[in-house]
Structures are given as structure tokens and as C-alpha cells.
Amino acid sequence: MQGLFDLINIPFSWVIRFFYGLTDNYMIALLLFAIVVKLVLFPIGIKTQKNMVKQASLRPKEMAIRAKYAGRTDQATQQKMQNEIMSLYQSENYNPAGGCLPMILQLVVIFAIYQIVYGPLTYLCSMSAEAVSVLKEGIKLLQEVETYTGNQIQMLHDISVLGIEKVMEVLPTLEGYTEEIGVAIGDVLRNPPNMTVFGGKLDLSATPTVAFNLLLLIPVLNLVTTWASTKITRKFTYQSPEQQQANSSMKIMEITMPLMIFWMAFNLPAALGAYWIFQNLLGVLQSFVLAKMYPYPKFSDEELKEAVKSINQGQKKDKKSSSGNHSANNGTKKRSLHYIDEEDYTEVPVQPAKKKSSEAPAEEPAEPAVEASSDKPTETENGPVGFAPLKDDKHNK
């Protein structure tokens, strides 16, 4: 995975070095770099927008299908509804998963690019991994800590606090140090990236605190821009019926996401917070531009009724064709196995007779019933069944 990230990072590192050489300011270079990243990912945004527009165009027919099964939540009915919606998608050449691959590619590029923002020593100053490792060991030794977990932006801030000369003095005592590494580190530390703005009043390599200063603007602006971008971007994004049903969870995300970014901005260098602010603002601008280029369709009441009508007509044709084919085979009407299509039933289905218990004694077969309206009596061994036997009387004797 790191090899894939390096493949993406190498050309983008040229871009950020170019902008830094042009402006000699890391914050301005980050802003121009964020714009280039958005432009590179813009085709992926177009692909995603087109996919959502296609889904929005099918909304009336999808809503008509859902309305047909409204109020029925059993598994068989829900499965049949989903099958009809998928059949609609297939007939209209729409793939619900069509927007997943562009989103995955976009996330891969974003994760790779964050390494450039995190690592100015590597990607901006072209310092080797061995030199960065030796420099980190020197900071850990001077701070007298067991482990040092700071990223490269924090390393630059800690070096400025400790003093460049003091750091250079301790480096030759470290394992892995070579004269070549010492020269490379010295060249960078004597001319470090300029991470200050407003005449040095705001140092982007520092981590914001609760203290009332300019650094406090970074977390506050992250909170505001993240909340605003989430709200605005959602208005420009198509919401499917299923997503609209999950509005409660979306509202929770609108609150928790800005708060989480606000908290993270207090634990990371201000340069990262500034980059997030740029990304939020550019994300809103991209959503607005895409909505203008590929607007979502709007439907009138008549068009919605026509969609419902077309769905119902299609269902009737399917029922007639299936009923005709089934009748041609066995002369009976095809019915739903799950009793979903109640309107197809003209009579209550006859329940099968209950089976008798195996423990009950077998009954003797009943004698055939005598029809009262029969003209001719049935002959038996004792005579006709239809007449009563003669009683013994004196005359018969």
C-alpha cells in the first residue's frame, strides 16, 4: 500500500515544492496545493454527480413502487419491492454501485496526499528517511523522553524551541549518524520551511491551545467550516428515499463530525487545521459548481402521477402475460406464494383438512347413502333397500 501512496506522492510533492518556491510561505503553498488536488479529483466528482443525477431521474418510478407496498413490512413483501426496484434500475441502465469505485479512488488519493502535508521534511525539503530518523532521535534525547511520536511539522516546531545549534551538537553522538546525514540535516535546519503568517504572529507548526491567541482561530474555523460545508453539501447532494428515512442519523453526524474535527485541531499542528479549512471551503465550491453543471431533475405533480400510472400499467401487463401462460399450461390462475397480491384473489383459499391422529382407531367404511329420490330400489341380499322389511304377523304364518 505504501508503494501505491509513493506513486501518488512523487508527482504531488513536485507540485507543493513548486508552489513553496514560488511563494516562500507554507500556508499559501498549502492553499494552492489544495486547489490543484481538487482540480485533479474533479473528474471523479463529475462521475459521482452524473450517477446521482441518474438515480434522481428514477425517483418518481421508485417512489411509485414503494407507495404500492406502503404499510406492509413482512419480509416477503419487502423482498418483492426490492426486486421490482432493482428491475427498474436494470431496465434504465443504472448501477447503484456505480459511484463506489470513484469514491474509493478519491479516498486513496486523499490519504496519500495527507502524507505530503504531514511530511514537509520528506516531500518539501527532500530529506531522506535515515536523516529524519536521526533527527527524531536527537529531539527525543534533548527532551529526555522515552518515545517521541511527533510528526515532521511538530519536529520543526520542537527544533525551533530547542535551538538549531543545540540539536546539531547532539546529532554526531547518535547511532546511524554519518557526515552526509549531518550535512543534509544542517542545510534544512538552517533554512527551514517558513510556516509563519501575519508577520510571524501565527506559527502553523505549533499546536493550538485553549489560550486566547491567533492559534485558537484554527480550531474555531474548523468547527464552523466543517458544520457549514456538511449542511451546504448535503443540500446539493441527492438523497434517496432510504437515505431520507435515515435523516436522524445524518443529523447526528452533522453535530458529531464538526465537534470531532474541532477536538483534533487541538491535538495536531495548526498547518493541518489550515489545510482542512481550505478543503472544506473548496468542497462547498465544488458541490455548487457540479450542481450547476449537472442539476438534479425536478418533477411536477402530473409527471409524478404519470410515473405511477406507467408502473401500474407495467404491472398489469406482467400479470396478464404470466396469467395467460399459466392458464395455457394447466387452466388455472397463477397466484402469489406469499399472498402479496391479495387483489388477485376472488375467493378465500380453502384450507386443507386436518389430518386425523394416528392413535385414533380406524373407522369402518360407511355404507353408501340411500338417495330418497331414487325411483328404483337397490337390490341387496335381503331384498330391496328402499322398502322396509315385512313384520311377522298371523297372516304370514
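The values are calculated or read from the model by the stated rules, or taken from the named source; none is laboratory data. Predicted model, so just to flag it, every value in this text is computed and none were measured. Note: ideal-geometry Cβ built from the backbone for every residue, glycine included; neighbour counts use all protein chains shown.
Just a few scattered comments:
- Tabulated pairs, the stretch 84-96, first without any contact (Cβ under 8 Å) to a residue 40 or more places away in the chain and closer than 17 Å to A67 by Cβ, second of a type in the set (A, V, I, L, M, F, W, C) and not in a helix (DSSP H, G or I), C-beta under 7 angstrom, 6+ apart or interchain: L88/L58
- Sole residue being over 30 Å from A56 (Cα atoms) and within 39 Å of the chain's Cα centre (by Cα), chosen from T196, T237: T196
- Criterion: in contact (Cβ under 8 Å) with a residue 24 or more places away in the chain, surrounded by 12 or more Cβ atoms within 10 Å (Cβ to Cβ) and closer than 29 Å to R17 by Cβ - qualifying residue of I218, I232: I218
- Residues of the stretch 112-150 that are under 25 Å from F18 (Cα atoms) and surrounded by fewer than 17 Cβ atoms within 10 Å (Cβ to Cβ): Y114, S126, S128, A129, E130.
- Residue in the stretch 152-168 that is without any contact (Cβ under 8 Å) to a residue 24 or more places away in the chain, assigned to a loop (DSSP other than H, G, I, E, B) and closer than 16 Å to Y26 by Cβ present: no
- Of the helices (runs of 4 or more DSSP H) lying entirely inside the stretch 1-89, the ones with 1 or more residues being under 30 Å from I277 (Cα atoms), more than 25 Å from the chain's Cα centre (by Cα) and among the hydroxyl-bearing types (S, T, Y) are found at 2-23, 26-57.
- Counted residues, the stretch 1-31 - those being under 21 Å from G200 (Cβ atoms) and touching a residue at least 12 places away in the same chain (Cβ under 8 Å): 9
Residue-by-condition table, conditions (1) out of contact with any Phe, Trp or Tyr (no Cβ under 8 Å at 6 or more places or on another chain); (2) surrounded by 12 or more Cβ atoms within 10 Å (Cβ to Cβ); (3) among the charged types (D, E, K, R):
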site	(1), (2), (3)
A29	no, yes, no
A34	no, yes, no
L39	yes, no, no
G45	yes, yes, no
Q49	no, yes, no
V53	no, yes, no
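A quick yes/no check of all residues on (1) over 38 Å from the mean Cα position of the chain (by Cα); (2) modelled with pLDDT of 85 or more:
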position	(1), (2)
C100	no, no
Y123	no, yes
S133	yes, yes
E137	yes, yes
K140	yes, yes
